[in-house]
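Only the coordinates and a few stated rules stand behind these numbers; no lab work does. Quick caveat: nothing in here was measured; it's all calculated off a predicted structure. No Cβ is skipped: glycine too gets one built from the backbone with ideal geometry, and neighbour counts run over all protein chains shown.
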Amino acid sequence: MSTTQCGSNFSVSTLLLSGFTGLEQSYVWIAIPFSCIYVIVLLGNCMMLHVIRTEQSLHVPMFYFLAMLSFTDLCLALTTVHTVLGIRWEFKSDITLDACLGQCFFIHSLSFTESSVLLAMSFDRYIAICNPLRYSSILTNARIIKIGITIIIRSFLFTTPIICLKFFNYCRPHLLSRSFCLHQDLLCLSCSDIHFNGYYGLGLVICTLMIDSILILVSYVLILKSVLAIASPNKRLKCFQTCVSHICAVLVFYIPIISLTMVHRFGKHLSPIVHVLMGNIYILFPPLMNPIIYSVKTQQIRNRIQRLFLGQRY
């Protein structure tokens, strides 16, 4: 990868993270809701994993994929909690370049992982509704493990080029516009030739998020076609209800990430607060909402949580 030299090049080992620019005096008050959100995210996803692990009736493909989703959300929250709350509580606003690259790598890898899991969940719903008699023979435990391993390899392998940013030269003030590290923000600080990284990032989004979303849409078109062919209104409604939670999870994930991409590409004139707010929504909204959605919309999980809080083991 070529490097463009400039007179003010310098090597950075530490980067400064910013929060809501202009609201520094209110950071303590901003920190309280952010801390509450992180607590809800961690407790909610841990509870989902515990419920799925301990409830024997949930040991089926649909809930295995849900466990993958909760684990991904949990890891995503843990990846950013130390920098986001560190800035909000004003006890840490700097991060080493290596730590920043690591955080950037995991944020993007976990985002692609979540997209892939949502695609796998749509495949699960398609098989369950359109080919129910072969559901158990198609989605075996061995096949689910293979899908999970493929998702991990795909997500983390594709984001490996991010590590190359370590060898770039930086000629701009090393202040990041958010309270965590993203690939596009690091590119803005570099005076190296970033064309490859820019095109690669765009191509990666197209080859992962866009293709995943299209395949999810296709699966639901086929599901809708199959459901509308069912004569019984009650059975038709029941089939639709099994998809509601997943549809909500898809919207909760894709709407923030598309909005962040649009703001980054076309919202240069917007206030920095808008960019920071969209970044935090992109990071925190899906992990916050997914446990709530599945707890409310999925009867098996809702019943198990009720028994859990009532102290009933079975």
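The Cβ shell under 13 Å around residue 46 holds other residues with a net charge of 0, Lys and Arg each +1, Asp and Glu each -1. In the elastic network of the chain, a GNM with C-alpha springs shorter than 10 Å, the most mobile of 207, 239, 100 is 207.
Pick out, from 198, 281, 179, the residue whose Cα sits farthest towards the positive end of the charge dipole of region 176-314, with +1 on the Cβ of Lys and Arg and -1 on the Cβ of Asp and Glu. Farthest along the dipole direction, towards plus: 281. For region 45-91, chymotrypsin sites (Phe, Trp or Tyr not before Pro) are listed when DSSP marks them as loop and at most 11 other Cβ atoms sit within 10 Å of their Cβ; the list is 91. Charge tally around residue 282: other residues with Cβ under 13 Å, Lys/Arg +1 each, Asp/Glu -1 each, net -2. Could you name the aspartates and glutamates whose alpha carbon sits less than 15 Å from that of residue 166, not counting residues in the same chain fewer than 8 places away? Excluding near neighbours in sequence, the set is 98, 185, 193. About its Cα centre, the chain has a charge dipole of approximately 1240 debye under the convention of +1 per Lys or Arg Cβ and -1 per Asp or Glu Cβ, with nothing else charged.
What is the diffusion coefficient of region 196-306 in µm²/s, taking the Kirkwood radius over Cα pairs and the Stokes-Einstein relation at 4 °C with a viscosity of 1.567 mPa s?
It comes out at roughly 78 µm²/s.
For region 42-130, the Cβ-based charge dipole about the Cα centre amounts to some 120 debye (Lys, Arg positive; Asp, Glu negative; other atoms uncharged). Computed log10 I(q)/I(0) for region 23-115 at 0.12, 0.17, 0.23, 0.25 Å⁻¹: -0.49, -0.83, -1.13, -1.20, from the Debye equation with unit scatterers placed on every C-alpha and solvent omitted.
In the chain, taking the dipole from charged Cβ atoms about the Cα centre, the farthest positive-side position among 230, 153, 25 is held by 230.
Counting neighbouring beta carbons within 10 Å and listing from fewest to most, the residues 62, 262 come out as 262, 62. Tell me the Kirkwood radius of the chain: reciprocal of the mean inverse pair distance over distinct alpha-carbon atoms, in Å. Mean inverse Cα-Cα distance, inverted, gives 21.2 Å. Over the chain, dividing the summed -39,500 (n - 2.57) contributions of all DSSP H runs of at least 4 residues by the number of residues returns a 222 nm mean residue ellipticity of -24000 deg cm²/dmol. Relative to the globular-protein estimate of 2.2 N^0.38 Å, the Cα radius of gyration of region 249-304 stands at 1.44.
Ranked by how many other Cβ atoms sit within 10 Å of their own Cβ, fewest first, the residues 205, 221, 41 fall in the order 221, 205, 41. Counting only lysines at least 8 places from residue 297 when in the same chain, those with an alpha carbon closer than 21 Å to its own are 235, 238.
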